[in-house]
1. Mind counting the residues in the stretch B:66-115 that are farther than 19 Å from B:Arg182 by Cβ, within 14 Å of chain A (Cβ to nearest Cβ) and hydroxyl-bearing (Ser, Thr, Tyr)?
2. Would you check if B:Asn51 is more than 13 Å from every other protein chain (Cβ to nearest Cβ), near DNA strand C (Cβ under 8 Å from one of its atoms) and surrounded by fewer than 18 Cβ atoms within 10 Å (Cβ to Cβ)?
3. For B:Leu169, indicate whether it is in contact (Cβ under 8 Å) with a residue 24 or more places away in the chain and either more than 8 Å from every other protein chain (Cβ to nearest Cβ) or of a type outside the set (Lys, Arg) (or both).
4. Suppose we filter the stretch A:35-48 for residues that are buried (at least 18 other Cβ atoms within 10 Å of the Cβ) and either away from DNA strand C (no atom under 13 Å from the Cβ) or in a loop (DSSP other than H, G, I, E, B) (or both); how many remain?
5. Mind listing just one residue for me: the one in the stretch A:1-34 that is within 22 Å of the chain's Cα centre (by Cα) and of a type in the set (Gly, Ala, Ser) and, of those, surrounded by the fewest Cβ atoms within 10 Å (Cβ to Cβ)?
6. For the stretch B:21-34, which residues satisfy the criterion of being at pLDDT 95 or above, assigned to a helix (DSSP H, G or I) and either of a type outside the set (D, E, K, R) or within 21 Å of A:Gly22 (Cα to Cα) (or both)?
7. Just for the stretch B:8-34: of the residues that are more than 12 Å from DNA strand C (Cβ to nearest atom), within 14 Å of chain A (Cβ to nearest Cβ) and touching a residue at least 24 places away in the same chain (Cβ under 8 Å), which one is nearest to B:Glu60 (Cα to Cα)?
2 protein chains.
Amino acid sequence: MNIITTEQKIIMAANKLFIRKGYTATGTRDIADEANINLALINYYFDSKENLFKEVVQKELKTLLNTVKSILSDENITSEDKIISITENYTNLLLEKEHLLIVILNELSVNKKLFANITQSTYRIRKPMIKKQFEDNNSGISDTDLVINMMSLIVFPFIAKSLIISSGLINENEFEEYVIRRKEKILKWIISITK
Amino acid sequence: MNIITTEQKIIMAANKLFIRKGYTATGTRDIADEANINLALINYYFDSKENLFKEVVQKELKTLLNTVKSILSDENITSEDKIISITENYTNLLLEKEHLLIVILNELSVNKKLFANITQSTYRIRKPMIKKQFEDNNSGISDTDLVINMMSLIVFPFIAKSLIISSGLINENEFEEYVIRRKEKILKWIISITK
DNA sequence: GTCTATATTCCGATAGAC
DNA sequence: GTCTATCGGAATATAGAC
């Protein structure tokens, strides 16, 4: 049996719309329509639109950060494979949910109070654990720089997609191919700045 | 004499609030209060909130893109100096206007119709013109990759500031120092991935 | 739990006096 | 050009019947 509860319907619809249009631009009526449920049920289950948004974002944010966290802290994976794995994970995720990161980051920077409870120690990356596995151990780069640079190179094209396209650097229909081909290049680039 | 017209007051207030909170979260009453003018004057001078937003963003976007464009296309600057100059410009700009890019990018991805007239050919970067000035001319990297990577490394920490801080990679009060020290590193990194 | 109907607030925009 | 007052609609949220 495959029963989807009303609560789940709301979460799924809210997730889709919040990620596509952001918090303020998404109305409770939009969510109710998308979920095919009665408007009043949103408040019945989640008390408020703000609370619903928190639940949605909290879950997505957890996934995003735990992906990096778990891969980085696994001592049985080589540094190269860590880079490959994270690149693969994020590229695929953002190809599916293009607006996910930009909406979350925007809401985080613009509406900080919404996230007072969300940004907790749960998400802390205690020790990046990546550089030390490289053969050339005493490279000039720090773990922090390494992680930030890797994430920059992976994530930026998605965040700036609209500008990249309108500036003529990449055509809209070539974008997907570009970020896919980019995956192997990123590994190469990261390795070269580490040496 | 230093007369600030009502029109200018509105533009300044709108710029500040739109960039800080985004389009939908900023109300016309907020703008009127911030500008210390009467609510009705916004429509008197700018017809609509949407039109006011367009004027504000169009100007900021032009600055952002023309900065890269003009530096890249100047044949009298070496590639290294181009990187230094763009890094310097963007880091300083984003230190002043932290939310500028994230708000524009979010609105671009979420509210595309607002930008139908804004993203024109004015912003096209016809030819990046950067790699060819490097000594090692036949490196594996394309001009497009080079520009995108440079912008990634410069801009990402600002866009993802909230996440970087809450993940514990950098402390909030160390952030400014970090991005300033990062400027020299970026040049080094870009050069190393180009060779 | 789910519905209809409505309360309440907020927003962008405008009419009309000065 | 600037003001007050208000329109018309959309938004979140809730009361109360079923």
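The values are calculated or read from the model by the stated rules, or taken from the named source; none is laboratory data. None of the values given here were measured: they were computed from a predicted structure. With ideal geometry, Cβ positions are generated from the backbone for all residues, glycine too; neighbour counts draw on all protein chains shown.
1. 3
2. It is true that B:Asn51 is more than 13 Å from every other protein chain (Cβ to nearest Cβ), near DNA strand C (Cβ under 8 Å from one of its atoms) and surrounded by fewer than 18 Cβ atoms within 10 Å (Cβ to Cβ).
3. It is false that B:Leu169 is in contact (Cβ under 8 Å) with a residue 24 or more places away in the chain and either more than 8 Å from every other protein chain (Cβ to nearest Cβ) or of a type outside the set (Lys, Arg) (or both).
4. Going through the stretch A:35-48 one residue at a time, the tally reaches 1.
5. Filtering the stretch A:1-34 for residues that are within 22 Å of the chain's Cα centre (by Cα) and of a type in the set (Gly, Ala, Ser), the one surrounded by the fewest Cβ atoms within 10 Å (Cβ to Cβ) comes out as A:Ala25.
6. Result: B:Thr28, B:Asp30, B:Ile31, B:Ala32.
7. Checked the stretch B:8-34; the qualifying residue nearest to B:Glu60 (Cα to Cα) is B:Ile19.
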